[in-house]
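The values are calculated or read from the model by the stated rules, or taken from the named source; none is laboratory data. Given the structure is predicted, the values throughout are model-derived calculations rather than measurements. Accessible surface is based on the protein model in full, side chains and every heavy atom, while ligands, DNA and RNA are left aside. Shrake-Rupley method; radii C 1.70, N 1.55, O 1.52, S 1.80 Å.
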Amino acid sequence: SLNKWIARGQNGHFVIKRLKNFDKLLNENKVSIMRSEAEMMKGKDYDIYFGWSDEKIYCSELVWKIYKRGADIEVGKLEKLKSFDLTSGPVKKIMEERYGVNVPYDETVISPASIFDCELLTTTYSNKK
């Protein structure tokens, strides 16, 4: 539920963003295609390996692909896994558990931070006081 998801964050803080000028950038047809794209992803397993295929899907990948495929809008910048700092102890441990010695450094990824910082989006609500 939304409440459980919010509770997982720091002090229950959350932000709601939306596409700037959505009324000019999106029309009924684009929204329909976006909904169809979302429907096609429904029920897919969560991708803990952050692969770019559609076999499994992770959170920010889902958002990026819906906007790109449905409206040809890129919310956030695609990067390669190797562009992230993977050197901290906890991160190294998770990477080793997931990939062993075969980390796919050239895998295309989209991070939640990249979407959050995207200049095409505007904050419509923040409960931070």
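Summary table
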{"quantity": "Principal axes of segment 56-129: Cα extent on each, largest first, Å", "calculated": "41, 36, 20"}
{"quantity": "On Cα atoms only, tilt of 28-41 relative to the major axis of the chain in degrees", "calculated": "30"}
{"quantity": "Cα-based equivalent ellipsoid of the chain: semi-axis lengths in Å, sorted from largest, via gyration tensor", "calculated": "27, 20, 15"}
{"quantity": "Semi-axis lengths, Å, segment 13-75, gyration tensor of Cα atoms, sqrt of 5 times eigenvalues", "calculated": "22, 15, 10"}
{"quantity": "Accessible area in the full protein assembly, largest first, 1.4 Å probe, for E28, E79", "calculated": "E28, E79"}
{"quantity": "Whole-Å distance, taken between Cα centres, linking segment 3-42 and segment 55-129", "calculated": "15"}
{"quantity": "Probe 1.4 Å, all protein chains present, accessible-area order of E39, E107, largest first", "calculated": "E39, E107"}
{"quantity": "Relative contact order [Cα under 8 Å, 6+ residues apart], segment 28-125, whole percent", "calculated": "31"}
{"quantity": "The chain: angle of helix 59-71 to the longest principal axis, Cα-based, in degrees nearest 10", "calculated": "40"}
